[in-house]
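To keep things clear, I will list the structure first and then write my remarks on it.
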Amino acid sequence: MPFFGVDRACLRTCCTFFIIWLLSGSVSAAAVGPAATPETPLQGLQHSQWTSRDGAPASIMAMEQTSDGVLWLGSRQGLYLFDGLHFTRVTVVDESSWSPADIYALKSMPNGDMWIGQFSGGAMLLRNGKVTRFREGLPKAGVTQFFLDRHGNFWASTTQGLARFDGKMFHPAGSDLGLPIGTSVTAALDGAGDLVVRTNNFGLFAWSSRSKRFEPVADGRLGYMPLALDAGGRLWESTKDGLLLLGPGNVPSGPLVPWSYSFFSPDIRFDHTGALWVTERGFGVRRVLPMLRGAPLNAAARMQTFHEKDGLTSEQTMSNFVDKDGDIWVGTERGLDRFHAGTVDRIDGPIGSAYLGVQPAGGGSAWLASFTGGAWLRDAAGKITRSSSLPAAVTRITSLTADGKEGLWIASDAGIGLLTASKWTVFQLDPVMVKQTITAMVPDGSGGFWAAVNTVGAMHWDGHGWSRPEGLSHMAITSLAHTGHNLYVGTRDGVLLTYQDETRTQDRQSLTLGPVTVITPSAEGVWVGGEKGIGLWNGQELQVVATQSVPPIYRISGLLLDANRDLWLNTAVGVAHLSRGAVQAVLDGTAMTVSAEVYDASDGVEGLPLRSFLTPTAAALSSGVMIFTTQLGAYAVDPASLSIRAPAPAPYLTSLRADGEALELQTELRPKIHTLEVDYGAAALRDVQRLRFRYRLRGFDKTWQDAGNRREAVFTDLPPGSYTFESEASYDQKTWSPPSAPLPVVIPPSAMQRRSVRAAIFVTALLLTWLLFRWRIAQIYKVAQLRLQERVQERERIARDLHDTLLQGVQGLILRFGAISQGPQLDATLRQKMQQALTLAESVATEGRDRVRDLRSTSADPNELEEILAEAGTLLALSGTATFAWSTRGHKLPLHPLILDEAFCVGREALQNAYQHAGATRISILLEYSPEQLKLTVSDNGKGLGVAAEEASRPGHWGIAGMRERATRIGGQLSIRSDLGRGTDVSLCVPGSIAYPKSTPSRWWDMFSTLKTQELR
């Protein structure tokens, strides 16, 4: 009957797809973690859900998982990827931005290709981000399934028949292959890997390897009947009335697993444990379990259901899928659901699930009691029986302790009693205990027990009556433990008190763990757990064991040692496992921390442990099983059979952005990138909250960068170069996954960042600077020469003024007084005095004329300095015994008049000093001309100056000091070398740029000497 213009069977087929694992059981359960076990109720499995609020699409019709662990979701709202945290839409498959692809089938290929079937007809091949569309050869109907058989044939089933792909296009499978056309089909691969097809109108067909075509199977049944393959290679068929097994020759045979569906045959799929999952729109989820694990299903199979009232996103279940970890995924009209058994088994049954306490019983059994009332005995096989001996009036149970004889001491509002399998015995309380809360109890090993009473302290029951040791009174006790003759008491203020029963003495130690919440005696000492961590009390000191985990553990309320002496802790973040070797390394001082393996909500441990009552929250049974309790239930851990956790998946790269612009991966970037962003992720469908990342950019980062749970790396202002980005993932930050596929990142240099351009700019700038510097030096030198010329002109003006005024006046006075001195009116004595004064005046005038001549000296004759120094030396030699010699070197150059005068004065002073003080037999002058400098050296072979050169600068010694001042004034440098008994050399060096009037400085530092000289002048 048509349904909205569409054949009902056609519509039903389009709403379903099947992806059958070719090698069932190829993933080891031990490697990937436990799948759902038949013993666990469906409501007891870990269930997660995602809806549109989380980004999940609606009407999920197909699911597939690729080798990187990513879950692909085909929906009527398009194609999505799910990595456990984010839903990402794949828009490349959409025909337009306003019309998402209507997807009904997905198939992942070994080479990474993804085949996509559409409800509107046609198939798409997604390869390396590019889509190829196929319509020719396919029936004009919705594509619902894809299959790759053992012969390499690729098939597509549709609502109007089957088609085979030849590598380029599809071809309809019709009479040439033994199939009818124009009929809805559903199919599956049998145990041999051959295709079995159920047609809606013509029955069942199976591929024959002999005839290379489909052969009909006479079963006399028609209609839409989904197929599924179990782990044993048996093919099953779903009908509206139940489940059939296809026997030899694919002929349906018994036994029949009955069920009843009103409209269509439900979709079926086997998980890794052999349980069958059944989904049908409007009927929620059903799980069918064999009576015995591993046995085939039969009429006695047990069925469990899960509906919207249990947390399912919708009763309209559209598809189902089993991933490589054994988790079951269900696509619904509203979103996505997942079911999986936790790594830690939840204890379910006829018990209250909240506020449970636990104590060991004999033979691998355990007592469980609820704060709200009730006690249960769980035997070694896991069977739970409620105790009928405990009165219903016993409520608000606050503390438990085993009596060592399969009995259980229980403290409640009704008092304290002993519960056994057949009897409940109440004991009279001490008056101080009435209406007080018992916070902890522990057996004393002699048939009695200790009890911690709120505001009272520790009380002891010896089997006959109560006693209260004085030293244990009025303290806030949070935990108790007993071994041998020692009672260990933990308090709220972090004190561990050891009380000896026999001697009634006590030892009190203040610890650093916060309130002491659990005490566990062991062969090594006493393990203590508190709010802040754990430590081992060895009788002398507390050895704190620092732990490292994600997230960090704290608030320990249960502490156990297993058969391997490993530590197991019940903490606020889950059940933590510390290996014995790692703990011992910390105790020995060879390691700083212990890496803790934490089992939390993702492993099935939900809720926080209790803190104020029903502690400790862990018990070790004689069978090796350990039971941990939280506010939401009890959980059993068997360390001997606990599966090994799979390592974290390798990350993959998702996007690359440069300055906010999205780019293709593995592309060369443009120059001068300010911000580079790389997005990465990892498909951790189950443990996504525990996943941590690190990354590095090789060529830039020297070490791995810790990213925590961030999935983005940001780099700013990277220099030009070639880099490689890679990331790794980890669940514990100890064992890291293989790195992601490397991402080459090439940042080319801009024009200004190229070495050749930078070198050219540098050379050009250097050349321009040098040219500018030379031009500036020439300008400065020109100014300096002008200043020197001005000084010369000023000297000549002063000389003229002196000659025309002072000297002429003095000369006139001399002539006038000379005439007077010859007059007859003067006597001889007065005339003699006048003659003496005139002689002195003549001497002054002569000296004045010499000074005027010096001021007006403008000789540019290069021989003048040599001649006047030679003349001065010759005159001095006449009055002494030393011989005098002079010589020159280099090409003689004209000197500036000021330099000539000052150099002459320095040379003359040096000659006078040599003749007067040196006691020399030989004195010489050497005048050296070079473009770089003018050098004048006066040498003698006398006795030397010794310290006299240093003393010459002291007050009263003006000769050498005067020479230094003259040298400094003309920008020169005076040096004196003198050794006792070896003579003296006095040298004056003047830069050529200063000494020669028409030269420019040959070195830049000569210019500064010129400027300095002018400033001093």
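Give 576, 582 a once-over and let me know the one that is open to solvent by less than 10 Å² (accessible area, probe 1.4 Å), within 37 Å of the chain's Cα centre (by Cα) and either of a type in the set (A, V, I, L, M) or under 20 Å from residue 440 (Cβ atoms) (or both).
Numbers: 582 fails: open to solvent by less than 10 Å² (accessible area, probe 1.4 Å).
Residue meeting the stated conditions: 576.
Can you name the residue in segment 740-768 that is open to solvent by less than 60 Å² (accessible area, probe 1.4 Å) and assigned to a loop (DSSP other than H, G, I, E, B) and, of all such residues, is nearest to residue 669 (Cα to Cα)?
For segment 740-768, the residue satisfying everything is 748.
This table checks each residue for (1) over 19 Å from residue 582 (Cα atoms); (2) at pLDDT 90 or above; (3) out of contact with any helix residue (DSSP H, G or I) (no Cβ under 6 Å at 6 or more places or on another chain).
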| site | (1), (2), (3) |
| --- | --- |
| 489 | yes, yes, yes |
| 502 | yes, no, yes |
| 505 | yes, no, yes |
| 513 | yes, yes, yes |
| 521 | yes, yes, yes |
| 529 | no, yes, yes |
| 534 | no, yes, yes |
| 539 | yes, no, yes |
| 545 | no, yes, no |
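Tell me yes or no: at least one residue of segment 208-216 is in the same structural domain as residue 317 (by the TED database), buried (at least 18 other Cβ atoms within 10 Å of the Cβ) and of a type outside the set (Phe, Trp, Tyr). Let's see the steps before the verdict.
Keep residues of segment 208-216 that are in the same structural domain as residue 317 (by the TED database), which gives 208-216.
Next cut, buried (at least 18 other Cβ atoms within 10 Å of the Cβ) only: 214.
Applying the additional criterion that residues be of a type outside the set (Phe, Trp, Tyr) yields none.
No, the conditions are met nowhere in segment 208-216.
Identify, by number, the condition in (1) open to solvent by less than 20 Å² (accessible area, probe 1.4 Å); (2) closer than 21 Å to residue 145 by Cβ; (3) not in a loop (DSSP other than H, G, I, E, B) that residue 244 doesn't meet.
All conditions are met except number (1).
All but one of (1) touching an Asp or Glu at 6+ places or on another chain (Cβ under 8 Å); (2) at pLDDT 85 or above hold for residue 962; which doesn't?
The one condition residue 962 does not meet is (2).
Can you tell me which residue among 387, 370, 314, 365 is surrounded by 18 or more Cβ atoms within 10 Å (Cβ to Cβ), more than 30 Å from residue 242 (Cα to Cα) and in contact with an Asp or Glu (Cβ under 7 Å, 6 or more places away or on another chain)?
Numbers: 387 fails: in contact with an Asp or Glu (Cβ under 7 Å, 6 or more places away or on another chain); 370 fails: in contact with an Asp or Glu (Cβ under 7 Å, 6 or more places away or on another chain); 314 fails: more than 30 Å from residue 242 (Cα to Cα).
Among 387, 370, 314, 365, only 365 is surrounded by 18 or more Cβ atoms within 10 Å (Cβ to Cβ), more than 30 Å from residue 242 (Cα to Cα) and in contact with an Asp or Glu (Cβ under 7 Å, 6 or more places away or on another chain).
Scan segment 690-724 residue by residue and report those that are in a loop (DSSP other than H, G, I, E, B) and over 30 Å from residue 604 (Cα atoms).
The answer is 699, 700, 701, 702, 703, 704, 717, 718, 719, 720.
Would you tally the residues in segment 499-532 being open to solvent by 20 Å² or more (accessible area, probe 1.4 Å) and over 44 Å from the mean Cα position of the chain (by Cα)?
So the count comes out to 9.
Looking only at segment 860-899, count how many residues are part of a loop (DSSP other than H, G, I, E, B) and open to solvent by 50 Å² or more (accessible area, probe 1.4 Å). First the steps, then the outcome.
Initial filter on segment 860-899 (part of a loop (DSSP other than H, G, I, E, B)): 860-863, 879-882, 890-896.
Among the residues that remain, those that are also open to solvent by 50 Å² or more (accessible area, probe 1.4 Å) are: 860-861, 863, 879, 881, 890-892, 894.
Total satisfying the criteria: 9.
May I ask you to say which residue of 347, 351 is in contact with a strand residue (DSSP E or B) (Cβ under 8 Å, 6 or more places away or on another chain), over 24 Å from residue 228 (Cβ atoms) and surrounded by fewer than 22 Cβ atoms within 10 Å (Cβ to Cβ)?
On the way: 347 fails: surrounded by fewer than 22 Cβ atoms within 10 Å (Cβ to Cβ).
Result of the check over 347, 351: 351.
Anything in segment 182-199 that is buried (at least 23 other Cβ atoms within 10 Å of the Cβ) and of a type in the set (S, T, N, Q)? List them, or say none.
Residues satisfying the conditions are 184, 186, 199.
Exactly one of (1) of a type in the set (Gly, Ala, Ser); (2) in contact with a Lys or Arg (Cβ under 6 Å, 6 or more places away or on another chain); (3) within 30 Å of residue 753 (Cβ to Cβ) is unmet by residue 681. Its number?
(3)
Just the residues that are charged (D, E, K, R), out of contact with any strand residue (DSSP E or B) (no Cβ under 6 Å at 6 or more places or on another chain) and at pLDDT below 85, please, taken from segment 205-248.
221, the sole residue that qualifies.
Please find, within segment 420-429, the residue that is surrounded by the most Cβ atoms within 10 Å (Cβ to Cβ) out of those that are part of a loop (DSSP other than H, G, I, E, B) and modelled with pLDDT under 90.
Initial filter on segment 420-429 (part of a loop (DSSP other than H, G, I, E, B)): 420-423, 428-429.
Of the ones still in play, those that are also modelled with pLDDT under 90 are 421-422, 428.
Working: 421: 13, 422: 8, 428: 11.
Out of the qualifying residues, it is 421.
Quick check on segment 247-261. Is at least one of its residues over 23 Å from residue 147 (Cβ atoms), of a type in the set (Gly, Ala, Ser), assigned to a strand (DSSP E or B) and over 49 Å from the mean Cα position of the chain (by Cα)?
Narrowing segment 247-261 to residues over 23 Å from residue 147 (Cβ atoms): 253-261.
If we keep only those that are of a type in the set (Gly, Ala, Ser) too, we end up with 253-254, 260.
Then keep just the ones that are assigned to a strand (DSSP E or B); that gives 253-254.
Checking which are over 49 Å from the mean Cα position of the chain (by Cα) leaves us with 253-254.
Yes, the conditions are met somewhere in segment 247-261.
Can you report the number of residues in segment 80-112 which are among the hydrophobic types (A, V, I, L, M, F, W, C), surrounded by 17 or more Cβ atoms within 10 Å (Cβ to Cβ) and out of contact with any Asp or Glu (no Cβ under 8 Å at 6 or more places or on another chain)? Outline the logic, then answer.
From segment 80-112, those among the hydrophobic types (A, V, I, L, M, F, W, C) are 81-82, 85, 87, 90, 92-93, 98, 101, 103, 105-106, 109; that's our starting set.
In the following step, the residues that additionally are surrounded by 17 or more Cβ atoms within 10 Å (Cβ to Cβ) were identified as 81-82, 85, 87, 90, 93, 101, 103, 105-106.
Now drop any that are not out of contact with any Asp or Glu (no Cβ under 8 Å at 6 or more places or on another chain), which leaves 81-82, 85, 90, 93, 103, 105.
Residues meeting the conditions: 7.
Of these, 179, 162, 138, 227, which one is within 24 Å of residue 286 (Cβ to Cβ) and open to solvent by less than 20 Å² (accessible area, probe 1.4 Å)? Full working, then the answer.
Details: 179 fails: within 24 Å of residue 286 (Cβ to Cβ); 162 fails: within 24 Å of residue 286 (Cβ to Cβ); 138 fails: within 24 Å of residue 286 (Cβ to Cβ).
One residue alone meets the criteria, 227.
Considering each of 614, 608 in turn, give the residue that is open to solvent by less than 10 Å² (accessible area, probe 1.4 Å) and not in a strand (DSSP E or B). Spell out how you get there, then give the answer.
On the way: 608 fails: open to solvent by less than 10 Å² (accessible area, probe 1.4 Å).
When all the criteria are applied, what remains is 614.
Taking residue 164, is it part of a loop (DSSP other than H, G, I, E, B), closer than 29 Å to residue 73 by Cβ and in contact (Cβ under 8 Å) with a residue 12 or more places away in the chain? Can you show your working first?
Working: part of a loop (DSSP other than H, G, I, E, B): no; closer than 29 Å to residue 73 by Cβ: yes; in contact (Cβ under 8 Å) with a residue 12 or more places away in the chain: yes.
When the stated conditions are applied, residue 164 does not pass them.
The values are calculated or read from the model by the stated rules, or taken from the named source; none is laboratory data. Please read these numbers as outputs of a predicted model, since none were measured by experiment. Note that we place each Cβ from the backbone using ideal geometry, even for glycine, and neighbour counts take in every protein chain shown. Each accessible area value is taken on the protein alone, full model and side chains, heavy atoms only, with ligands, DNA and RNA left out. Shrake-Rupley method; radii C 1.70, N 1.55, O 1.52, S 1.80 Å.
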